[in-house]
Every structure is written in C-alpha cells, then in structure tokens.
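Chemist: I'd like to ask some things about the structure below.
The values are calculated or read from the model by the stated rules, or taken from the named source; none is laboratory data. It should be emphasised that the depicted structure is a prediction, and the values quoted were computed from it without experimental measurement. Quick reminder, even Gly has a Cβ in these numbers, built from the backbone with ideal geometry, and neighbours come from all protein chains shown. The protein model used for the area step is the full one, side chains on, heavy atoms only, and it has no ligands, DNA or RNA in it. Shrake-Rupley method; radii C 1.70, N 1.55, O 1.52, S 1.80 Å.
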Amino acid sequence: MVDDITPDETLDCRGLSCPMPLLKTKKAVGKMSSGQIIEILGTDPGTKNDLPGFATKNGHEYLGEKEDDGFTRFYLKLK
Amino acid sequence: MNDQNENSVMFGLLKQGYQTVFMKNWPIWLGGLLIGIMSVITFAWARPWGVAGGLRNWGDWFFNLVGIYHHQPVSPLISTNSILTLGLLWGAFGAALMSKQFAIRMAPPLELIKGVVGGTLMGIGAAMAGGCNVGGFYSALSALSFGGLAMMVGLFVGAYLGLRYIYWELEHLPSGASGGSGAKKKKNAFNWLDVEPYLGVAVFIIAIICAWLYTRQALTKIGGLLLCGIAFGVIIQRCRFCFVRGFRDPFMTGEGEVARAIAISLMISILGFAALKWTGLRGEEVYVTQTFWFGSLVGGIVFGFGMLLSGGCGSGSVWRAGEGQVKLIIAVICFCLSTSLFKALIKSSEGFTSLIGSRVFLPNYLSYKWALVVLFLVLCAYYLIATWNEETDKFIVEI
C-alpha cells in the first residue's frame, strides 16, 4: 500500500537519532498544508515507535513504512 | 496426532514466541514493571542497580593504565559496578542482534559533537549527583534517599534547558545533513541481518558460560550481577526504555507514557527496597548518596542538559551504544572519562566534598511509614500531572 505514494515533501533524517527525527518532522509538518504527504527517511529503530505516536497524538494519518537499502521510509498524511 | 505434526506445532509456537519477544517492541509500561522487579531482585541478590559507577570504574582503569592515576582501581572484571554496566551493554547488544536491530550507525558531524559534549556533561553531573539517572535518581529514590528527589527536580530543569537548546539549534545551526546509513548493500552481498539472531544466541550463551566461570572462581555474586545486568539490557533494549523521555516528553510532545512507566516502576522498587532495609536485611545507608542537596540538584541539572544533547540517559546511552549507534558510543566514552576525572576532583578537595552535600535518609526524619507515604504521593503526582499534560498540552514548549 505504501508502494505507490508520491510524497509532497521528503525529509532526510538518516544518521540522526532520537529525538532529532521527530523534532525535524514536527518542524517540517508545520510548514506544510492539510492533506499533503511527507516522506521521512530514517535509520534509528526508535523512529518506528515515535512517528506513529506523533501522528496519533496530532491527528495526522500514519500511512506506513517500507524498508529500503539500509534505511526506512515513513509516510505521514497531514490532517 | 502424529509426531511430525506435534513437532511442527511446537516449532510454530517457538517461532511465534521469538517473534513476540524480539520482533515487536514491548510496551513501555511492561518495561517499567520489569525494571522495578529487576531492581528489587538485584538489590536482594547483592546491591542496587547502577550504571555510572561502572563507567567511572572503566575511566579510572583507563587513567591508571596510561599512568595519570597512581592508585589502582578495582579490576573491571570483579568490580560490581563495572559488571552491572557491562551486563547492560552485553544484554542490549544481544537483544539488538536477536531482533536484527544491530548496525553501526554513523551520525552527522554536529551530532557527534553533541555526543562528546553531552557525554562529558553527563559524566560531570553523575559525579556530582552520586550516579546517573539510575544510581543518583532511580536507585537513590528507591533507597529512600532525599538526594533522589533533589536530582529528579534537577533532571526536569536540565531537560527543559536542553530542549530549549535543541530548538535553538534547529533554527540556527545548519541541520545535520545525513551522515548516510550504515553500509550500502551490494546486490547479492552477504546479508548480515539474517545472521544476527544466531550471533545473538551465541552472545547469550557466552554470557551464561561467563556467569558459570565466575561461580567456579567463588565469585557467584559477581556472576549473578552479570546476569542481572544482562536482564536490564534486554528489557531496556526491547522496550526502548529511556529515562530521558520521562523528563523531556512532557515539554516536547506532551506524551506521558514513559513518565507513567517510571512512576509505576519506582513504586515497585521503593516497596522492595523499603522491605529489605526496614527488616534489616540490607544496610540503611546503602545508596543514600552523600549529595544532598547541592550535588544532587546541580548534578541533576548538568546531567539533564547533557542527556538531551546526547539523546540518551546513563542507561539509555549504554543500550544505544550496544545497538551500534556511533554518537552514543562516543557519548559513553566521554562519560567514562569525564566522570572519573570529575569524581577525582571532588575527592581531592575537602571543601568541594562538603559542598556537594550530605546523606539524608528519609526514614530518619519521617519514619519508614511516612517516608513511603510521601514518596508515593510524589510519584502519584508525577503520574497524574504527566497524564493531565497529555490531555491539555500545558507544559509543551513550541518550536
């Protein structure tokens, strides 16, 4: 299901660890508008818990994640 | 049912068990519960859980080796401090392998610098407070030491200041560009991830052999502590349990999950410690750090600020280092060195030692009964305020 998503923005958080990916996402999301999709690239295993939690708390839709070459792509749809 | 069928059912169950334990993260509240129980078991077995003491022992040992310290520290192989911390690292490493989460993760330059500064500050804070978030706060509070509460206040202040810094950095410093992610896989290359669980099993088997070897050397206590440390490592890695989140999240995202888990965990641990001390099975002065109030409070602030920079508390930095995160490995090394040096500095001056503070054992002032009531009220308040903040976002600092 996450295979055919075209994100509006891509945020590269590879190499960053908690809490930086989450804070950068929070900041990037603030500059985007409703309904847009953000793609976040990350390598920290913690991000797999943090992003869905962030989405739930803030009412965004967590679309899912997929593994790439040594990193993970996460997708969020803004409320 | 024939044998083959029964075997495959058993195999299925084992596989399912493995998936539950190592493929999914455990809930945070379960981590709190298990840490509380392990904390009591560890104290009943030998001594309270600590992390910074082990790191200091390693720092002392290094400085002795290069000829800067002239006194010989207790060997890291038999120091209980060192063994507990080694166990934590070992357990986290094994659990990360089992769950295919071990990878050498390089970080961008700015992050590495934050690892150096954060680790150094945490080392200084831990030297002042008589321990990190574990020995100076968690175990100290469990041990009914007033210093534990003073450090809790300090940790909040430090975490708040640290978060303000991180927000400032997000605005003003070129955000650390990607440091890239581990090694790029080549096509048809050997896939390490598939082998990791087997290495993990080997890592745990070696641990059990080591514990057995200690027993053979009449060091059963040390061997047991190694296993306790490993249990902490596995629990904490599988829950990704990080004390930083209990102090930072209420200001950052408003989430109170970890704060609640810490509160529950401490309640269990406090009851266990109180039982062991009240009945005289363990000395009353154990882990009542001689740091009230200056050392605990100011050390807490310095430590709290440092843990925000490095992105892991004392225990959190160690388990993340066990997972292969380069920034946290650097933070742990700096922690070892700075905490050893700063402790030596404090010890070298009588004035400084007395400034750091004195032992305050709560039951000496309040009696055991009222000390427990007071601590439980404080923890209930922590639990409730964190939950209330989750609903109202009152304490959140916006970017």
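Chemist: So how exposed is B:LEU377, as accessible area in Å² (1.4 Å probe, rounded to 10)?
Modeler: Near enough 120 Å² of accessible area.
Chemist: Taking the alpha-carbon distance from A:LYS57 and a cut-off under 25 Å, which lysines remain once sequence neighbours fewer than 8 residues away in the same chain are dropped?
Modeler: Result set, ordered by chain and number: A:LYS24, A:LYS26, A:LYS27, A:LYS31, A:LYS48, A:LYS66, A:LYS77, A:LYS79, B:LYS24, B:LYS394.
Chemist: If you place +1 on the Cβ of every Lys and Arg and -1 on the Cβ of every Asp and Glu, how big does the dipole about the Cα centre of chain A come out, in debye to the nearest 20?
Modeler: 500
Chemist: In addition: With the cut-off at 1.5 for a/c, could you classify chain B from its C-alpha gyration tensor as rounded, prolate or oblate?
Modeler: Judged from the Cα gyration tensor, chain B comes out rounded (a/c under 1.5).
Chemist: Per residue, how much accessible surface does the stretch B:250-303 expose to a 1.4 Å probe? Answer in Å², no decimals.
Modeler: 35
Chemist: How large is the dipole of the protein assembly as shown about the Cα centre if only Lys and Arg carry +1 and Asp and Glu carry -1, each at its Cβ, rounded to the nearest 20 debye?
Modeler: Once rounded to the nearest 20, the dipole reads 820 debye.
Chemist: Checking an interface number: how much accessible area is buried between B and A, summed over both chains, with a 1.4 Å probe, in Å² rounded to 100?
Modeler: Summing both chains' loss of accessible area gives about 2500 Å².
Chemist: I'd like the distance separating the alpha-carbon centroids of the stretch B:101-150 and the stretch B:232-297, in whole Å.
Modeler: Each part's Cα centre sits 13 Å from the other's.
Chemist: Provide the per-residue ³J(HN,Hα) series for the stretch B:66-79, in order, calculated from phi with Karplus coefficients 6.51, -1.76, 1.60 and θ = phi - 60°, each as a whole number of Hz, with x at glycine and proline positions.
Modeler: Ordered by residue, 3J(HN,Hα) equals 8, x, 7, 9, 9, 7, 8, x, 4, 4, x, 6, 10, 6 Hz.
Chemist: Could you compute how much accessible surface A:VAL29 exposes when probed at 1.4 Å, giving the result in Å² to the nearest 10?
Modeler: Per-residue accessible area (A:VAL29): approximately 20 Å².
Chemist: Same structure again: Along the charge dipole of the protein assembly as shown, Cβ charges K/R +1 and D/E -1, which of B:TYR167, B:PHE273, B:VAL302 sits furthest on the positive end?
Modeler: Checking the options against the dipole of the protein assembly as shown, the answer is B:PHE273.
Chemist: Next up: Have a look at B:ILE83, B:ILE209, B:ILE37 and tell me which one the Gaussian network model of chain B (Cα, springs below 10 Å) gives the largest fluctuation.
Modeler: B:ILE209
Chemist: Right, another one. Between rounded, prolate and oblate, where does the stretch B:257-310 land on the alpha carbon gyration tensor, with a ≥ b ≥ c its root eigenvalues, rounded for a/c under 1.5, else prolate if a/b exceeds b/c?
Modeler: Cα axes put the stretch B:257-310 in the oblate bin.
Chemist: How large, in percent, is the carbon and sulfur part of the accessible surface of chain B at a probe radius of 1.4 Å?
Modeler: After summing per-atom areas, the C and S share lands at 69 percent.
Chemist: Now a separate question. What residues from the stretch A:40-74 fall in the zone where the backbone N is under 17 Å from a label point 7 Å along the Cα-to-C-beta line of A:ASP4?
Modeler: Under cut-off, by backbone N: A:64.
Chemist: For the stretch B:221-293, with the dipole built from +1 on Lys and Arg beta-carbon atoms and -1 on Asp and Glu ones, taken about the Cα centre, which of B:VAL234, B:GLN290, B:ILE262 lies farthest toward the positive end?
Modeler: Going by the Cα projections, it comes out as B:VAL234.
Chemist: Order A:LYS57, B:LYS15 by their accessible area, 1.4 angstrom probe, all chains in place, largest first.
Modeler: The ranking, largest first, comes out as B:LYS15, A:LYS57.
Chemist: List the lysines whose Cα lies under 30 Å from the Cα of B:LYS221, skipping any in the same chain that are fewer than 8 positions away.
Modeler: Partners found: B:LYS277, B:LYS343, B:LYS347.
Chemist: When the Karplus curve 6.51 cos²θ - 1.76 cosθ + 1.60 is applied with θ = phi - 60°, which whole-Hz ³J(HN,Hα) does each residue of the stretch B:201-218 get, with x for Gly and Pro?
Modeler: 4, 4, 4, 6, 5, 4, 4, 5, 4, 4, 4, 5, 5, 4, 4, 4, 8, 6
Chemist: Leaving ligands, DNA and RNA out of it, work out the accessible area of B:MET23 with a 1.4 Å probe and give it in Å² to the nearest 10.
Modeler: Using a 1.4 Å probe on the heavy atoms, I get roughly 80 Å².
Chemist: Choose one answer from B:VAL117, B:VAL378, B:VAL51: the residue with the largest mean-square fluctuation in a GNM of chain B with alpha-carbon springs under 10 Å.
Modeler: B:VAL378
Chemist: Suppose the chain between B:LYS369 and B:ILE68 were pulled fully straight at 0.36 nm per residue; how much longer would it get relative to their current alpha carbon spacing?
Modeler: Once the chain is fully extended between B:LYS369 and B:ILE68, it gains 103.6 nm.
Chemist: Just by accessible area at a 1.4 angstrom probe, what is the order of B:GLU255, B:GLU391, B:GLU398 from largest to smallest?
Modeler: Final ranking, largest accessible area leading: B:GLU391, B:GLU398, B:GLU255.
Chemist: Under a 10 Å cutoff between Cα atoms, tell me which one of B:GLY254, B:GLY300, B:GLY280 has the largest fluctuation in the Gaussian network model of chain B.
Modeler: Taking springs between Cα atoms under 10 Å, the residue moving most is B:GLY280.
Chemist: Further question: What does the charge dipole of the stretch B:11-153 about its Cα centre add up to, to the nearest 20 debye, if the Cβ of each Lys and Arg holds +1 and the Cβ of each Asp and Glu holds -1?
Modeler: 360
Chemist: May I pose another question? From the backbone phi of the stretch B:279-284, what are the Karplus-calculated ³J(HN,Hα) couplings (6.51 cos²θ - 1.76 cosθ + 1.60, θ = phi - 60°) in whole Hz, Gly and Pro given as x?
Modeler: 7, x, 6, 10, x, 5
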